[in-house]
Structures are given as structure tokens and as C-alpha cells.
Amino acid sequence: MSLLAIVGRPNVGKSTLFNRLVGMRQAIVDEVAGVTRDRHYGKCEWCGNEFSVVDTGGYTSNSDDIFEEEIRKQVVTAIEEADAVLFMVEASTGITDYDEEIADLLRRSGKPVVVAVNKVDSGEKIYDAFQFYSLGLGEIWSISAANGGGTGDLLDQIVKILPEDKAQDDDRSDLPHIAIVGKPNVGKSSLANALLGTDRNIVTPLAGTTRDSISSYYNKFGHEFMLVDTAGMRKKTKVHEDLEFYSVMRSIRAIEHSDVCILMIDAQTGLESQDMNIFNLIARNRKGCVIVVNKWDTIEKDSNTMKEYTEAIRARIAPFDDIPIIFTSVINKQRILDVLNAASQVYGNYSRKIPTSQLNEAMLPEIENYPPPAWKGKYIKIKYVTQLPTKSPSFAFFCNLPQYIKEPYKRFLENRLRSKFDFCGCPIQIYMRQK
């Protein structure tokens, strides 16, 4: 699928246009300049033509800001990746030094370029747009990304300059989605970059570097899935900026749309209350889970440290005692592949479907040996069990008096299911139905 990159200096409306093109509020938009940091991908469909769009951070140079240098690298990478570039400028401010610099970069790249002059909300402002012809990038298009004015003509031009569609081989909607979640600054983006083998996501020592949830396609070492890096989630009381509120909302949405979550915790702080809140969110959404203890290289160790640490975590997350726990040092690339293998195994368990005959063969003798306790002199008989066609593992037990089966017995059934079939890292739902 062809790829269009949206580039420009900060605050010209790139994310607003990106959201309009992909048809949803996918990128965070705010009055503050420099909200977008990482490259952000989406799909656009226009008159039967489908293409991918990448939103980039605002391009600046000669700045001391730790992010702006990284954003600049991401913009250059996006231009290299793209088949065509949409260069956004702003009518009212005219041509700035940054615009000149980006125009120079685009001329040298040799890629087809469309110049979009944004914030042309009234007839008089069209005259302000003509000065951008002097950039020497050909035809210009006046638009208003906020209210959609002129975007139809712009899209017609984009479809014209994009190369013929490549083979439709990247419909990846049915791939497993693995989300990396956790508190700020535990190393989520570093893990994503280490797995992908590229600096796909911006990493700095400052907490809150990642703001959007960034999806990347992963296909190495026999694994194929979508890897989603998310913003760190802090306690609600500590979230003061609107921006961070949106980032946390995106992270929660990423958990809801994932199949398996990699929960990263900091080895030095251990499993804190906020980590437990995130873990409970994963459990409530019934997603597979792998716990990754990062920065393990910073801990003083003896022969039992890992065992004791594991037991402490298992005690906190009980009754979920079969979740894989992996100790890594992302900076030293220690046990990174183990994280992949564990996530892949959990996804296999998460999507496992067990034939009804096999289920009954395994579970009915267990139920006979330990039947549900009688209630008010009434005996409860479980006749058979079947797996429900849900995304996460769910089982229906058919019996004569489902209302009298209490939680402890459901837990017993769940434990027997786990001992007979491998559901390591996955939540199990048990339902009692009337026969």
C-alpha cells in the first residue's frame, strides 16, 4: 500500500488533517506546539483508492530541546519511507525559516510533493496562500483542516501523485495485537525499539516522552504481530495536563483493543499500587498478560533474588498465579527474545479452542469426584461443558440448578481447566447455564 507522509513545522495542523484523512480522532491535537512526537500511521480511503498516511512531529532545527532533535530524525525517516509527501504550511504566518529548510529537504529527496496551505478559513486568506509558490514545489492547495474546506481537491491530487498500488499484502487487521503498557519511564519505548531493531519510537530519560499509542508491524524470528507502544499511565491525581489525560485515554484504548498486554515494571520500585491498577485494568478487559521486570541489571543479586522477586509478584497478583514473569535489561538487550516467546505463547493460549468432546472427557470425571455442594437439600448435577465462541477463553457448564453454584466452586472448575489445558497468562470466564 502506498504511503503518504504529512510534514511541516510545529502547530500548522498536521495532526488535525491526519485525523480528518483517517476518519477518526487518532492523533492527539492541542493548541500547544510539539504535541506529536513519534510517527503515527493510519489508513485513508478516497474514491476507491486506499493508502496509508503517516503523521509526524513538527520539524525544527538548531534547538536545545531534547525532543526536537529526535522529532527531526523521525521526520527525515518518514520522508525516506514515504512514496509521496504532503507539506503543510500556514497562510497567516507566511514563509518561515523552517518552511524554507523543509522545502529544501523535500527538493533534495526527489519525492512527489503536494503543498497544502492550512488555515485558509475565509476568502481573503486565499491571497496569503500565493506567496508559497516561491518555495518552488509546484502547485499549492488552500485548505482548512479544522472544518474540511478544500480537502476534497487536495485528496484528488494526492491520489494522482501516489504510485500505482502495490500488492495488497499488508491487511494486518487480523494479526495479534500486543500492547506494551506500564507507568511512565519503565522502558516501554526502549523495549519496542529493541524488538523492532530500529529507533521507531522516541526515547529520552524524561517521563512522559510517548504521548500517542504507536503501532508497528513486527515480523521476525517466526513471530508476526502488531506491536503497540503506549504512553505511561500515572495515578489520576497526578495527571494535570490535558495532553497527559489524552495520552492515558489512548493507552487504555490500546489495552481494550489488544490481545496480549506486556506489563512493564521497574525492578527498583517493584510492583507498586499503580502497576496493580494497570494489571487490574488488563484483567477486567480479559486480556492475556506477560509481566516484564525491566532494569534488572541495576539490582544487587544473589542466587535467590529472582526466585524471591517472582514469589513477591505472584503473591501480589493472586489468584492469577500462572502469568509469565520475565526479567530483562532492555538497554543490554538481555532476554528480549524471551519476552517475545512468552507473549506469543500467551496469545496461543488466549486463542485456543478446545473441542467439546475433549473438554467433557477431561472435566466430567473431575466433576463426578468433586460435585458441587448441595444447596437446601437440592443436588446440583452438571451435565456437560462447552467452550463459548468468544475472543478470550470462556466456558459454559450446563446444569439443573445454575443459580446455586457459588464462586468457590467456579474457582475449583477454573483451576481444573488450567491444570488440564494450558491457559498460562490468560483469564478464564466460567458461566453456569440452565440445562
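Filter the range 333-350 down to the residues that are over 18 Å from the mean Cα position of the chain (by Cα) and farther than 11 Å from Gly425 by Cα, then identify the one that is most open to solvent (accessible area, probe 1.4 Å). If we take residues in the range 333-350 being over 18 Å from the mean Cα position of the chain (by Cα) and farther than 11 Å from Gly425 by Cα, then Lys333 is most open to solvent (accessible area, probe 1.4 Å).
With respect to Asn285, determine if the residue is without any contact (Cβ under 8 Å) to a residue 40 or more places away in the chain and more than 16 Å from the chain's Cα centre (by Cα). So Asn285 does not fit the description; no.
Which of the residues that make up the range 116-159 are among the hydroxyl-bearing types (Ser, Thr, Tyr) and within 32 Å of the chain's Cα centre (by Cα)?
Of the residues in the range 116-159, the ones among the hydroxyl-bearing types (Ser, Thr, Tyr) are 122, 127, 133-134, 142, 144, 151.
Within the range 116-159, Ser144, Thr151 meet the criteria.
Residues in the range 294-331 that are open to solvent by 70 Å² or more (accessible area, probe 1.4 Å), over 16 Å from Val186 (Cβ atoms) and outside any helix (DSSP H, G or I): 7 in all.
Residues that are among the hydroxyl-bearing types (Ser, Thr, Tyr) and either open to solvent by less than 50 Å² (accessible area, probe 1.4 Å) or within 28 Å of Glu256 (Cα to Cα) (or both) within the range 376-435 comprise Thr386, Thr390, Ser392, Ser394, Tyr409, Ser419, Tyr431, listed in sequence order.
For the range 184-194, state whether one or more residues are at pLDDT below 75 and of a type in the set (S, T, N, Q).
Going residue by residue through the range 184-194, those that are at pLDDT below 75 are none.
There is no residue in the range 184-194 that is at pLDDT below 75 and of a type in the set (S, T, N, Q).
For the range 218-230, does any single residue satisfy the condition of being at negative phi, at pLDDT 65 or above, out of contact with any His (no Cβ under 8 Å at 6 or more places or on another chain) and in a helix (DSSP H, G or I)? Checked against the condition, which is being at negative phi, at pLDDT 65 or above, out of contact with any His (no Cβ under 8 Å at 6 or more places or on another chain) and in a helix (DSSP H, G or I), the range 218-230 yields no hits at all.
I want to confirm something. Restricting to the range 18-49 and keeping residues that are at pLDDT below 80 and not in a loop (DSSP other than H, G, I, E, B), which single residue is most open to solvent (accessible area, probe 1.4 Å)? Out of the qualifying residues, it is Lys43. Among the residues of the range 378-435, just one is of a type in the set (Gly, Ala, Ser) and free of Cβ contacts under 8 Å to residues at least 12 places away in the same chain, namely Ser419.
Looking at this structure, is Ala194 of a type in the set (Gly, Ala, Ser), outside any strand (DSSP E or B) and either open to solvent by less than 20 Å² (accessible area, probe 1.4 Å) or under 30 Å from Arg286 (Cβ atoms) (or both)? Answer is yes for this residue. Checking each residue in the range 160-182 for being more than 30 Å from Ile140 (Cβ to Cβ) and either of a type in the set (Ser, Thr, Tyr) or modelled with pLDDT of 85 or more (or both) picks out Ser173, Pro176, His177, Ile178, Ala179, Ile180, Val181, Gly182.
Scanning the range 197-217 for residues that are small (Gly, Ala, Ser) and either assigned to a strand (DSSP E or B) or modelled with pLDDT of 80 or more (or both) yields Ser215, Ser216. Residue count for the range 50-71, restricted to those that are more than 20 Å from Ala145 (Cβ to Cβ) and either at pLDDT 70 or above or loosely packed, with under 15 Cβ neighbours inside 10 Å (or both): 7.
The values are calculated or read from the model by the stated rules, or taken from the named source; none is laboratory data. Note that the structure is a prediction, hence the values are computed from the model and not measured. All Cβ positions, even for glycine, are placed from backbone atoms using ideal geometry, and neighbour counts span all protein chains on display. For the accessible areas, the whole protein counts, side chains as well, though only heavy atoms, and no ligand, DNA or RNA atoms are used. Shrake-Rupley method; radii C 1.70, N 1.55, O 1.52, S 1.80 Å.
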